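Since the structure comes first, as structure tokens, the remarks are kept for the end.
None of the figures in this text is laboratory data; all of them are computed from the coordinates on show. Values in this document were obtained by computation on a predicted structure and should not be read as measured data. Every residue, glycine among them, receives a Cβ derived from its backbone with ideal geometry; neighbour counts consider all protein chains shown.
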Amino acid sequence: MRAAGAVFEQRAGEALERAGLRLLARNYTTRHGELDLVMQHGDTLVFVEVRHRLSASHGDAAASVTRAKQDKLIRTAELWLAAHPQHARRACRFDVVSFDGPANAARMQWLQGAFETG
């Protein structure tokens, strides 16, 4: 499963770079969680969660980012910012890049500002 996730993270990162974002970190991991991608969009830091769902029987991939998952992402982003103080004053947002369907034909959706802190 981890290998499949890496493929979608790579695809998402490439798509976002084509859209003008710059990759700062990939798979930043702490005991609280993991940030799939940390990117910069102009002066804004973007913490990106990448999700894939083969089937929508339990909702689409974007819907799988629950409030509990959001809380983990927020806490991990706070730790990333503490470890990278040169970015601490930047505006931040949380995006979700979701892929729905079989790997070779998955439909990508980019939700900018998918959720807020607090």
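Given an 8 Å cut-off on Cα distances and at least 6 residues of separation, report the relative contact order of segment 2-115 as a percent.
The normalised contact order for segment 2-115 reaches 24 percent.
Taking θ as phi - 60°, what are the ³J(HN,Hα) couplings along segment 105-116 by the Karplus curve (6.51, -1.76, 1.60), each to the nearest whole Hz, with x for Gly and Pro?
Result, rounded to whole Hz: 9, 5, 8, 8, 9, 10, 9, 7, x, 4, 7, 10.
How would S55, S64 line up from fewest to most surrounding beta-carbon atoms within 10 angstrom?
Going from least to most buried by this count: S55, S64.
Could you tell me the distance between the Cα centroids of segment 17-92 and segment 94-116, to the nearest Å?
Measuring centre to centre over Cα atoms gives 12 Å.
Which whole number in µm²/s is D for segment 2-115 by Stokes-Einstein, with the Kirkwood Rh taken over Cα pairs at 25 °C and 0.890 mPa s?
172
Which residue, chosen from S55, T44, Q70, occupies the Cα position most advanced towards the positive end of the dipole of the chain, where the dipole is computed from +1 (Lys, Arg) and -1 (Asp, Glu) charges on Cβ about the Cα centre?
The one lying farthest along the dipole's positive direction is Q70.
Using just the helices of the chain, give the 222 nm mean residue ellipticity in deg cm²/dmol: DSSP H runs with n ≥ 4 each add -39,500 (n - 2.57), and the total is spread over all residues, rounded to 500.
Result for the chain: -9500 deg cm²/dmol, rounded to the nearest 500.
Roughly how big is the chain's charge dipole about its Cα centre, with Cβ charges of +1 (Lys, Arg) and -1 (Asp, Glu), in debye to the nearest 20?
160
Taking the DSSP beta bridges in segment 2-115 as the whole, what percent of them are antiparallel, to the nearest 5?
Within segment 2-115, antiparallel bridges account for around 60 percent of the total.
Karplus couplings for segment 74-85 from phi (6.51 cos²θ - 1.76 cosθ + 1.60, θ = phi - 60°), rounded to Hz, Gly and Pro as x?
4, 4, 5, 5, 4, 5, 4, 5, 5, 7, 10, x
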